Amino acid sequence: MGEWIALNALDGEGSFDAWLARPTGEAKAAIIVIQEIFGVNPGIRGKAEDWAASGYLAIAPDMFWRFAPHYEADPDVQEELDEAMQLRHQFDFGKAAKDVEVAIRQARALGAAKVGVVGFCAGGSVAYLAATRTDADACVGYYGRVIADHLNEAHAIARPLLLHFGEADPSIPAELREKVKQALGANPRVTIHEYESAGHGFAATAGKRRNEEAATLADRRTEEFFAEYLR
């Protein structure tokens, strides 16, 4: 089981917590797990624990710490979903990218030679920003809608980036996905996959949003991606 640790934010903003999951024995690399708008909830902690079970040091920072520390929500509970949808308007993607930088530095301080970043929903967009703004060795973003708002940073992608999108995701329609593909598709460091019949949140660990077939395939691709670029 993992534990909460405290990290110091950049620019003297204060400190925030992150869920740390350690592997048995020496870690082969580290992976920063970036939450959805539902906080570092059991699903995100479970993903961190799964990476630890696969031999990685995993850190899942609390990305809502500035306005709702230790917030957790279940997207299958309508009231909690509605609350999370309101809270997301306070989320600052630029500051979140800096928090990921803090987590990357912590992973390196704990002995990780290479560090990957994987994010979901809002965290998927943050993972893209990690690819453009940090020294992460490899990044993976699942259904990050805000990626399309930061394509002017595409030139800064210097290391491998893998993106997953669902073709049945109403929040990222075909025209938005096409915009991303047009901006990033020529970069040999970028790989983009789309999943038929998969909606938003299709790779959730459990619940109504999960699409088993798409999640299994996307997660396998992510595992192979990190195995290749974090070795």
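The values are calculated or read from the model by the stated rules, or taken from the named source; none is laboratory data. Note that the structure is predicted; figures quoted are calculated from it, not measured. Note that we place each Cβ from the backbone using ideal geometry, even for glycine, and neighbour counts take in every protein chain shown. These accessible areas exclude ligands, DNA and RNA; they are computed on the full protein's heavy atoms, side chains included. Shrake-Rupley method; radii C 1.70, N 1.55, O 1.52, S 1.80 Å.
Of all residues in the range 39-59, one or more are of a type outside the set (A, V, I, L, M), over 16 Å from the mean Cα position of the chain (by Cα) and surrounded by fewer than 24 Cβ atoms within 10 Å (Cβ to Cβ). Here Ala154 does not fit the description of being in contact with a Ser or Thr (Cβ under 9 Å, 6 or more places away or on another chain), part of a loop (DSSP other than H, G, I, E, B) and open to solvent by less than 60 Å² (accessible area, probe 1.4 Å). Restricting attention to the range 60-82, which residues are open to solvent by less than 20 Å² (accessible area, probe 1.4 Å) and either farther than 17 Å from Leu110 by Cβ or small (Gly, Ala, Ser) (or both)? The answer is Ala60, Asp62, Met63, Phe64, Ala68, Ala73. Asp92 fulfils the conditions (1) under 17 Å from Ile44 (Cβ atoms); (2) open to solvent by 20 Å² or more (accessible area, probe 1.4 Å) except for a single criterion, (1). Checked against (1) under 17 Å from the mean Cα position of the chain (by Cα); (2) surrounded by fewer than 20 Cβ atoms within 10 Å (Cβ to Cβ), Thr134 passes all but condition (2). Can you find a residue that is open to solvent by less than 10 Å² (accessible area, probe 1.4 Å) and touching a strand residue (DSSP E or B) at 6+ places or on another chain (Cβ under 7 Å) anywhere in the range 184-191? Taking every residue of the range 184-191 in turn, at least one turns out to be open to solvent by less than 10 Å² (accessible area, probe 1.4 Å) and touching a strand residue (DSSP E or B) at 6+ places or on another chain (Cβ under 7 Å).
Pick from Glu194, Glu178: which is more than 14 Å from Cys121 (Cα to Cα), in contact with a Gly (Cβ under 9 Å, 6 or more places away or on another chain), at pLDDT 95 or above and acidic (Asp, Glu)?
Numbers: Glu178 fails: in contact with a Gly (Cβ under 9 Å, 6 or more places away or on another chain).
Residue meeting the stated conditions: Glu194.
Being within 30 Å of Gln182 (Cα to Cα), within 17 Å of the chain's Cα centre (by Cα) and surrounded by fewer than 22 Cβ atoms within 10 Å (Cβ to Cβ) is a property that holds for Arg145.
Restricting the range 185-205 to residues that are of a type in the set (A, V, I, L, M) and assigned to a strand (DSSP E or B) leaves a set whose member that is nearest to Tyr229 (Cα to Cα) is Val190.
The residue that is surrounded by the most Cβ atoms within 10 Å (Cβ to Cβ), counting only those in the range 216-231 that are closer than 20 Å to Ala27 by Cα and touching a strand residue (DSSP E or B) at 6+ places or on another chain (Cβ under 7 Å), is Phe226. Looking only at residues of the range 158-181 that are part of a helix (DSSP H, G or I) and in contact (Cβ under 8 Å) with a residue 24 or more places away in the chain, we find that the one that is least open to solvent (accessible area, probe 1.4 Å) is Val180. So, His200, is that one within 18 Å of Gln35 (Cα to Cα), touching a Phe, Trp or Tyr at 6+ places or on another chain (Cβ under 6 Å), open to solvent by less than 20 Å² (accessible area, probe 1.4 Å) and not charged (D, E, K, R) or not? Against the criterion (within 18 Å of Gln35 (Cα to Cα), touching a Phe, Trp or Tyr at 6+ places or on another chain (Cβ under 6 Å), open to solvent by less than 20 Å² (accessible area, probe 1.4 Å) and not charged (D, E, K, R)), His200 does not qualify.
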